[in-house]
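Trainee: Sharing a structure below in structure tokens format, with a few things to ask.
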């Protein structure tokens with residue numbers, strides 16, 4: 001189970017640190033320029049957008065997570081109507097992956 005509050009908080013911190021690229025065109029350029037090392041794509045993004053990013057991320061070997069929705073993703077970076085964000089910095093990427101993969105949730109036996 002993903003802790004969305006922590007996820008959005010971490011994306012917000014990365015944004016404040018200047019380590020986030022948002023929007024389809026900017027993210028495409030950053031992936032092609034090998035500046036983005038992780039992509040977060042909204043579940044409710046257009047199918048065309050999803051396919052474009054899945055293809056380019058596979059081509060450039062960039063992990064992609066299809067998670068959350070446009071409204072919450074946009075709110076976390078303080079911009080409107082953003083379906084995709086790219087993370088540029090290794091420390092933030094590790095923290096975000098840990099949250100998405102459930103590393104922040106204590107499991108009960």
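The values are calculated or read from the model by the stated rules, or taken from the named source; none is laboratory data. Since the model is a prediction, treat every value here as computed from it, not as a measurement. All Cβ positions, glycine included, derive from the backbone under ideal geometry; neighbour counts span all protein chains shown.
Trainee: Would you check which residues across region 62-72 are assigned to a helix (DSSP H, G or I) and within 13 Å of the chain's Cα centre (by Cα) and list them?
Mentor: 70, 72
Trainee: If you don't mind, there's one more thing I want to ask. Report yes if some residue within region 1-15 is closer than 13 Å to residue 72 by Cβ, modelled with pLDDT of 95 or more, loosely packed, with under 15 Cβ neighbours inside 10 Å and touching a helix residue (DSSP H, G or I) at 6+ places or on another chain (Cβ under 6 Å); otherwise report no.
Mentor: no
Trainee: Something else about it: Out of region 37-61, which residues are farther than 14 Å from residue 21 by Cα, touching a helix residue (DSSP H, G or I) at 6+ places or on another chain (Cβ under 8 Å) and assigned to a loop (DSSP other than H, G, I, E, B)?
Mentor: Residues satisfying the conditions are 42, 44, 45, 60.
Trainee: Further, regarding this structure: Taking the criterion of being loosely packed, with under 15 Cβ neighbours inside 10 Å and assigned to a helix (DSSP H, G or I), would at least one residue in region 16-28 satisfy it?
Mentor: yes
Trainee: Between residues in region 47-63 that are farther than 22 Å from residue 89 by Cβ and residues that are in a helix (DSSP H, G or I), which pairs lie under 8 Å by C-beta distance while being six or more apart or on different chains?
Mentor: Going by the 8 Å Cβ cut-off, the qualifying pairs are 49/24; 52/24; 52/28.
Trainee: Taking the criterion of being touching a strand residue (DSSP E or B) at 6+ places or on another chain (Cβ under 9 Å), over 25 Å from residue 1 (Cβ atoms) and touching a residue at least 60 places away in the same chain (Cβ under 8 Å), would at least one residue in region 98-107 satisfy it?
Mentor: No, every residue in region 98-107 fails to be touching a strand residue (DSSP E or B) at 6+ places or on another chain (Cβ under 9 Å), over 25 Å from residue 1 (Cβ atoms) and touching a residue at least 60 places away in the same chain (Cβ under 8 Å).
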